[in-house]
Amino acid sequence: QVRIVESGGGLVQPGGSLRLSCAASGSIFRVYAMGWYRQAPGKQRELVAGITSDGTTNYADSVKGRFTISRDYAKNMVYLQMNSLKPEDTAVYYCNADLRVIVTASRRDYWGQGTQVTVSS
């Protein structure tokens with residue numbers, strides 16, 4: 001069984017910062033790419049930032065220069081440092097992990113339950 005757990009969301013004023021964390025645990029053989037997605041009310045879920053197993057990163061245009069994704073490969077964790085937050089960053093942020101499990105050797109995407117980020121004065 002695999003668990004994906006996010007933490008670090010909350011309420012922050014415009015211009016502020018937050019750091020999200022995500023841990024993948026359980027019967028994991030290997031984690032490939034990890035990433036952060038977000039979904040605002042009435043909108044589709046969108047990719048915010050991703051990082052591959054070799055450290056290649058990609059970002060949505062709307063967060064480039066403000067958000068930084070990083071990863072702890074030994075702990076199967078991924079982080080999202082969010083600076084200069086704007087009200088339009090308000091959303092539920094979801095962690096995603098592309099991984100292979102031990103028992104069946106199957107590989108697929110796993111998702112966390114999400115953490116709310118609200119940017120408001």
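What follows is calculated from the coordinates using simple rules that are stated; it is not laboratory data. All values derive from a computational prediction rather than experimental measurement. A quick note on method: Cβ atoms are made from the backbone with ideal geometry, for glycine too, and the neighbour counts reach across all protein chains shown.
What residue among Phe67, Val48, Tyr94 has its Cα farthest toward the positive end of the dipole of the chain, where the charges are +1 on Lys, Arg and -1 on Asp, Glu, each on the Cβ?
My answer, from the dipole projection, is Tyr94.
Explain nothing, just compute: Karplus ³J(HN,Hα) = 6.51 cos²θ - 1.76 cosθ + 1.60, θ = phi - 60°, for every residue of segment 105-121 in order, whole Hz, x for Gly and Pro.
For segment 105-121, the Karplus-derived couplings read 6, 6, 10, 6, 7, 10, 10, x, 7, x, 9, 7, 10, 10, 10, 7, 8 Hz, x marking Gly and Pro.
Cut-off 11 Å, label point 7 angstrom out along Cα-to-Cβ of Asp109: give me the residues of segment 35-52 whose amide nitrogen falls inside.
Inside the label zone: 35-38, 45-48.
Among Tyr110, Tyr79, Tyr93, which one shows the highest mean-square fluctuation when the chain is modelled as a Gaussian network with alpha-carbon springs under 10 Å?
Per the Cα network of the chain with a 10 Å cutoff, Tyr110 tops the list.
Between beta-carbons, use under 11 Å as the cut-off and find the net charge around Val101, counting Lys and Arg +1, Asp and Glu -1.
On the way: positive: Arg30, Arg100, Arg107, Arg108; negative: none.
Surrounding charge for Val101 is +4.
So who's got an amide H within less than 5 Å of the one on Ile28, skipping anything under 5 residues away but keeping other chains? H placed 1.01 Å off N, in plane.
Amide H neighbours of Ile28: Ile102.
Taking the chain as a Gaussian network, where each spring joins two C-alpha atoms under 10 Å apart, which residue of Ser25, Ser53, Ser106 fluctuates the most?
The residue with the greatest mean-square fluctuation here is Ser106.
With +1 on each Lys and Arg Cβ and -1 on each Asp and Glu Cβ, and nothing else charged, work out how big the dipole of the chain is about its Cα centre, in Debye to the nearest 20. Spell out each step's value before the answer.
On the way: 14 positive and 9 negative charges, 40 e Å.
Rounded to the nearest 20 debye, it is 200 debye.
Compare Ala74, Ala24, Ala60 in a GNM of the chain, Cα atoms joined below 10 Å, and give the one with the largest fluctuation.
It is Ala74.
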